[in-house]
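J.: Attaching a single structure in structure tokens format; questions to follow.
The values are calculated or read from the model by the stated rules, or taken from the named source; none is laboratory data. Worth saying up front: this structure is predicted, and the values here are computed from it rather than measured. FYI the Cβ positions are ideal-geometry reconstructions off the backbone, even for glycines, and counts take in every protein chain you see. For the accessible areas, the whole protein counts, side chains as well, though only heavy atoms, and no ligand, DNA or RNA atoms are used. Shrake-Rupley method; radii C 1.70, N 1.55, O 1.52, S 1.80 Å.
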Amino acid sequence: MGREEVLRLEAYLQAKLNPGLRLIARKETDDSVDVYLGAAFLAVVDNDVDDGDISYALTMNVLSEDIGAA
């Protein structure tokens, strides 16, 4: 994802979910970004281009031991 695309997506997610969210580019790939809240990693956002239409998938894994610690 390009910088402008990441900034637009970050602004959208901040408005919808939490103003403290940050999107960080991943070194391994250019079609996804990591989502952080403060220093905590939360999720990955992947983009998918199909016939010129772009969509985004937010994937958040929650470990059972993390639920017990909350």
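J.: Taking only the stretch 13-24 into account, find how many residues are free of Cβ contacts under 8 Å to residues at least 12 places away in the same chain and surrounded by 12 or more Cβ atoms within 10 Å (Cβ to Cβ).
T.: Looking only at that region, the number is 2.
J.: Return yes or no: is Asp53 touching a Gly at 6+ places or on another chain (Cβ under 9 Å) and at pLDDT below 95?
T.: Judged against the criteria, Asp53 is not a match.
J.: Separate question: Restricting the search to the stretch 1-37, which residues are within 17 Å of Val49 (Cβ to Cβ), assigned to a helix (DSSP H, G or I) and touching a strand residue (DSSP E or B) at 6+ places or on another chain (Cβ under 8 Å)?
T.: Glu5, Val6, Leu9
J.: Those residues that are open to solvent by less than 90 Å² (accessible area, probe 1.4 Å) and outside any strand (DSSP E or B), I need them from the stretch 38-61; list them, please.
T.: Gly38, Gly52
J.: Which members of the stretch 25-34 meet the condition of being without any contact (Cβ under 8 Å) to a residue 24 or more places away in the chain and either more than 21 Å from Arg3 (Cβ to Cβ) or under 8 Å from the mean Cα position of the chain (by Cα) (or both)?
T.: Asp34
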